[in-house]
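None of the figures in this text is laboratory data; all of them are computed from the coordinates on show. All figures in this text were calculated on a predicted structure; none of them were measured in a lab. Here the Cβ positions follow ideal geometry from the backbone for every residue, glycine too, while neighbour counts run over all protein chains shown.
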Amino acid sequence: MLFACGLILGNVAMAQNTTLKIAYINSAVLLQSMPERVNADSALSKYTRTFQEQIDLMTKEFQTKLQQFQSGERTMSEAMKEVKTKELQDLQSRIETTQQSAQEKIQTKKQDLYTPILEKADKAIKDVAKDKDFDYIFDINSQGGIVFSKDKYDVTALVKAKLGIK
């Protein structure tokens, strides 16, 4: 019993002598200021436009064929109506498939473009933590993060400097 109390008191005394060095960063501000992000945004926008142009053309074709069908429907035979209806359904299905495929490809492209940027930022944050001997760096941009912090613990400027960003 006495031995257990001694261990507990020793651990409490050791914990009181240990000081944690804590800082925070706003990753949104950091990423917004990285020049690589501008290039990635531009490349992603250009990539997205190519898909949107294709989908717009397909949609225009669908609308034209639908109008033609609606205007000539009264004079069409039942067999012709079935053929035209099937054609419209197939075109609509192709549009939906193209949209879904485009979204997947855009998401993959976004990941490809932004992963190196995020890795570079992460490395800079870790380098600053090591250089300044921080025990923890919290991201105030994360949900459920810090409720209050003093500005003097913000290391965003240090990480930006590490990356050569003003």
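Below 8 Å, C-alpha to C-alpha, sequence gap of six or more: please give me the relative contact order for the chain in percent.
Working: 102 pairs, mean separation 81.7, N = 166.
Here the relative contact order equals 49 percent.
Contour minus end-to-end for residue 123 and residue 139, with contour as 0.36 nm per residue of separation and end-to-end as the Cα-Cα distance? Spell out each step's value before the answer.
Numbers: separation 16, 0.36 × 16 = 5.76 nm, distance 1.43 nm.
That pair, residue 123 and residue 139, stretches by 4.3 nm at full extension.
Taking the Cβ of each residue in 128, 159, 29, 83 as the centre, tally the other Cβ atoms inside 10 Å and list the residues starting with the fewest. Please list the in-between numbers first.
Working: 128 22, 159 27, 29 15, 83 12.
Lowest to highest Cβ neighbour count: 83, 29, 128, 159.
What percentage of all Cα-Cα pairs in the stretch 17-162 are separated by more than 28 Å? Let's see the in-between values first.
On the way: 5338 of 10585 pairs.
Value for the stretch 17-162 (Cα pairs over 28 Å): 50 percent.
I need the calculated FRET efficiency for the pair residue 60 and residue 109, taking r as the beta carbon distance and R₀ as 35 Å, to the nearest 0.05.
It comes to 0.90.
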